[in-house]
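S.K.: After the structure tokens below, expect a handful of questions from me.
The values are calculated or read from the model by the stated rules, or taken from the named source; none is laboratory data. This is a predicted model, so every value here is computed, not measured. Positions of Cβ are backbone-derived with ideal geometry, glycine not excepted, and every protein chain shown enters the neighbour counts. Heads up: the accessible areas ignore ligands, DNA and RNA and are worked out on the full protein's heavy atoms, side chains in. Shrake-Rupley method; radii C 1.70, N 1.55, O 1.52, S 1.80 Å.
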Amino acid sequence: QVQLVESGGGLVPPGGSLTLSCAATGSIFSIYAMSWYRQGPGKERELVAAIGNGHITNYADSVKGRFTISRDSAKNTVYLQMNSLRPDDTAVYYCNAGIRTTTVEGLLDFWGQGTQVTVSS
């Protein structure tokens, strides 16, 4: 009923910048919080950044001051602007959103398929 599609991943040198996008499509009534997670090789998936529908944001300590999460509600899209990238930022990045649909009651949790970000020279 709802799909999240990420884009913008790729290879970037240390110190570089990259912007990820995640667009939600389908039977959407409203979108509440949206967030980005990541999972590096051999590591647990971790929260990177989150943004509520009131634009309150939360960041992992490791990315504070370097990453910025934002959203365009009219486009059902969340972005992650990543600056000063480090090799440790290398991971698969996943989009997550809490969404009310037009077909099912309640707030549902959806995940994107993931997009690879590799920071390397």
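S.K.: What full-extension length gain, to one decimal in nm, is calculated for Ile56 and Thr25 as 0.36 nm per residue of separation minus the Cα-Cα distance?
M.R.: Gain in length upon complete extension: 8.9 nm.
S.K.: To continue, here is another question. Leaving out ligands, DNA and RNA but keeping every protein chain, what accessible area does Ile31 have, in Å² rounded to the nearest 10, with a 1.4 Å probe?
M.R.: Answer for Ile31: close to 20 Å² accessible.
S.K.: Which whole-number value in Å² is the accessible area per residue of the chain, probe 1.4 Å?
M.R.: Accessible surface, normalised per residue, equals 51 Å².
S.K.: Test of understanding: given the chain, find the longest segment containing no trypsin sites (Lys or Arg not before Pro) that are in a DSSP loop and have at most 16 other Cβ atoms within 10 Å.
M.R.: That gives 67-121 as the longest site-free run.
S.K.: Still on this model: Using DSSP, restrict attention to beta bridges with both residues in the chain and report what percent are antiparallel, rounded to the nearest 5.
M.R.: About 95 percent, rounded to the nearest 5.
S.K.: I've got another one for you. List the residues whose amide H sits under 5 Å from the amide H of Asn53, counting only those 5 or more places along or on another chain, with H placed 1.01 Å from N in the peptide plane.
M.R.: Residues meeting the amide H criterion: Ala33.
S.K.: Over the chain, calculate the relative contact order: mean separation of alpha carbon pairs under 8 Å at least 6 apart, over the residue count, as a percent.
M.R.: 37
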